[in-house]
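Quick note: the coordinates plus some simple rules give every number you see, no bench work behind them. Because the structure is predicted, anything quoted here is derived from the model rather than measured. Cβ atoms come from the backbone with ideal geometry, glycine included; neighbour counts cover every protein chain shown.
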Amino acid sequence: MVRITLTVNGEKKEVDVSISESLLHVLRDKLHLRSVKANCYRGECGICTVIMNNRLVKSCQVLAVEADGAEIITVEGLTRDGKIAPIQRAFIEKFGFQCGFCTPAFVLAGHWIVNNMPKASEDEIREIISGIVCRCTGYKQIVDAIKYAIMLAHGESG
Amino acid sequence: MSSVVESKGVVFWREYFPKLEYFKPKTIDEALDLLDKYGRDARIKAGATCLTRALRARKIKPIPKYLIDITSIKELKKIEYIDGNELIIGAAVTHEEIINNELIKKKFTALWEASANIGDIETRYRGTIGGNIANSSAQADLPPALMVFNAYVTLMSKEGSRKVPLTKFFLGHKKNVMKPNELLVSVHVPEPPEGAKSSYLKFKRSIEDRALVGIAALVAYPRDPSKRIIRLAYTAISKTPFLLSEAEELFKQDKPLSKLIEEAIGIAQSKYGLPVGERGIDLRAPKEYRLHLIRIGTKAILKYLIEGIKVI
Ligand SMILES: Cc1cc2nc3c(=O)[nH]c(=O)nc-3n(C[C@H](O)[C@H](O)[C@H](O)COP(=O)(O)OP(=O)(O)OC[C@H]3O[C@@H](n4cnc5c(N)ncnc54)[C@H](O)[C@@H]3O)c2cc1C
Ligand code: FES
Ligand code: FES
């Protein structure tokens, strides 16, 4: 076991991990952040996506030890003082989900786009989310939600 | 909770990686010491985009006991251009770092386009050029793009270092000439011939897909047979990516270009040899379709480089 320190959703956490564990396992099963979903464990589906040091990563492909010192954001961290983030509101208003299994990953990808690419075109949005699979929506509503969230966060001109 | 997926006693993957010891050396020498000490029981970890899958599936035999993470070695993170001579890319440079490099985009366009064509943004952020080569997949995008520049790699071990041209590096799907104690240190891309332009064309089913067929080309002075240089390299049509070595001589002939292109396509198609997928079969595109893609792709990439007209 190795002790690592993570800043998860703004809070410092110390966790004992083994080298055999991925960041996905630590977040989901040790820190009980159940918004982080596990699916293929092969880097193919993107469902386990989280924001690590302000970058999108597939948490099943990150070793827990590698994440030592990292700053992690999951969907649990998007709500501040009881207020949901623009991307969350946009997903609700634009019906960005059906079964909801993929939603945390897309919400985080959308959140990242809102914060880092306020001028993103539809093609750019589709490119960024291309690593995440949704079996229900056909992506249209997800793209609409991300475009709408950019507008909510940065205004019409965004 | 721990998951294991198996069918008829065959384990496809486990949630946990095997029991491992983890090292994060800061210098090449430290990494080489570790490789020398642990040999076959050790494994290099770069971006881990492929390694994590292989570890979960227990595919690497013998199952590794030691992991050597090379992403903190500064010397492996450098991109260096020696003007008029060569471009040297450290093994741990990521696809994204290559895409962000303007000089590579301008001078080594095929490499830039191949890097931009890899996976999705997450994979490009973590995956490395060294990992792409060392992994030695029959469908890898970077090898053909590097081969048209006659690129080579430097391999190092405690015993010393050697340079291996990429055309001599691959032995089969996921097989290469590296010894267990060797580290891929850098990729060397010689200065392109004067007047050369290059490109990479990838056929895929969706943005983040792997290649159904990937074609790299480099062209200089196409209209002048005495000075003309045309190189072609392919991925995902055989057991390894390869440079169509016959092409360079062929295109020196003083015959109509369209005839020579037809001949080159024929030679490329004759190299087809089941690019093995995960279970030894190729589900993603049948032979006829790949042969068709070789034809239209070779024509399209050369049309683009010779006439400046993009048809695909
Ligand atoms: C979703 C997804 C999409 C992908 N899409 C593409 C694609 O479009 N095109 C493509 O070509 N590939 C693709 N890949 C495959 C792969 O991710 C890339 O090839 C990547 O470049 C591998 O680099 P890495 O740094 O992650 O390697 P790792 O996973 O860290 O290592 C891969 C192998 O190489 C060895 N290795 C790594 N570096 C060295 C070194 N310096 N010296 C010696 N051995 C070393 C490791 O021991 C391991 O066996 C994809 C993978 C995923 C998961
Ligand atoms: S569970 Fe990580 S990519 Fe599918
Ligand atoms: S809403 Fe069901 S998988 Fe996306």
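The residue A:95 and residue A:54 beta-carbon pair, evaluated with R₀ = 35 Å, returns a calculated FRET efficiency of approximately 0.80.
The lysines whose alpha-carbon is closer than 21 Å to the alpha-carbon of residue A:94, local same-chain residues fewer than 8 away aside, are A:83, A:119, A:140, A:147. Normalising the average separation of contacting C-alpha pairs (under 8 angstrom, six or more residues apart) by the number of residues puts the relative contact order of region B:169-312 at 20 percent. For region A:10-35 versus region B:14-34, the inter-centroid distance based on Cα atoms is 21 Å. Of all aspartates and glutamates in the structure, the ones whose alpha carbon falls short of 19 Å from that of residue A:30, not counting any fewer than 8 places away in one chain, are A:11, A:14, A:16, A:21, A:66, A:68, A:71, A:76, B:15. Each Lys or Arg adds one and each Asp or Glu subtracts one; over the other residues with Cβ under 12 Å from the Cβ of residue B:193, this totals +2. Taking amide hydrogens as placed 1.01 Å from N in the peptide plane, the amide H of residue A:49 sits under 5 Å from those of A:59, each at least 5 positions away in sequence or on another chain.
In order along region B:289-298, phi translates into HN-Hα couplings of 5, 5, 5, 5, 5, 4, 4, 5, x, 4 Hz, rounded to whole numbers, per the Karplus curve 6.51 cos²θ - 1.76 cosθ + 1.60 with θ = phi - 60° and x for Gly and Pro. Sorted from greatest to least, the principal axis extents spanned by the alpha carbons of region B:48-102 come out as 45, 19, 19 Å. By the Cα gyration tensor, region A:79-121 has an equivalent ellipsoid whose semi-axes, rounded to whole angstrom, run 17, 14, 10 from largest to smallest.
Other residues with beta-carbon under 9 Å from the beta-carbon of residue A:57 carry, at +1 per Lys or Arg and -1 per Asp or Glu, a net charge of +2. Note that region A:24-98 carries a Kirkwood radius of 13.4 Å, evaluated over its alpha carbons pair by pair.
Note on A:55-65: average number of Cβ atoms from other chains within 10 Å of each residue's Cβ is 5.
Note: relative contact order over region A:86-154, using C-alpha pairs below 8 Å and six or more positions apart, is 55 percent. Scalar couplings 3J(HN,Hα) for region A:65-70, obtained by applying the Karplus form with A = 6.51, B = -1.76, C = 1.60 to θ = phi - 60°, are 4, 5, 7, 3, x, 7 Hz; x denotes Gly and Pro.
Counted as membrane-span-like here are DSSP H helices of chain A whose alpha-carbon atoms extend 20 Å or more along the helix's own axis and whose Kyte-Doolittle mean is 0.0 or above; these are A:140-154. Amide H contacts of residue B:45 (H built 1.01 Å from N, in plane; Pro and chain starts excluded): B:68, B:69, B:70 sit under 5 Å, all sequence-distant by 5 or more or on other chains. Taking all Cα-Cα distances within chain B, those exceeding 28 Å account for 40%.
Relative to the dominant Cα principal axis of chain B, helix B:28-38 is inclined by about 60°. A simple rule links phi to the HN-Hα coupling: the Karplus curve 6.51 cos²θ - 1.76 cosθ + 1.60 with θ = phi - 60°, which for region B:199-215 gives 7, 10, 10, 10, 8, 8, 8, 8, 3, 9, 6, 7, 5, 7, 8, x, 10 Hz, with x for Gly and Pro. Largest first and in whole Å, the equivalent-ellipsoid semi-axes of region B:74-190 read 20, 16, 14, each the square root of five times a Cα gyration tensor eigenvalue. At 10 °C and 1.306 mPa s, what whole-number value in µm²/s does Stokes-Einstein give for the translational diffusion of chain A, with Rh from the Kirkwood sum over Cα pairs? Estimated via Stokes-Einstein, D reaches 100 µm²/s. The three principal axes of the C-alpha atoms in region A:86-154 carry coordinate ranges of 29, 22, 16 Å, sorted with the longest axis first. Here's the list of aspartates and glutamates a cross-link from residue B:175 could span, going by alpha-carbon distance under 15 Å and ignoring same-chain residues fewer than 8 apart: B:278.
The eigenvalues of the Cα gyration tensor, multiplied by 5 and square-rooted, give region B:1-133 an equivalent ellipsoid with semi-axes of 31, 20, 10 Å from largest to smallest. Taking the centroid of alpha carbons for each part, region A:40-105 and region B:220-257 are 46 Å apart. Cα convex hull of region B:149-277: mean projected area in nm², to one decimal? That works out to 9.6 nm². Taking every alpha-carbon pair in the protein assembly as shown and binning the separations at 20 Å intervals from zero gives 23, 54, 22, 1 percent.
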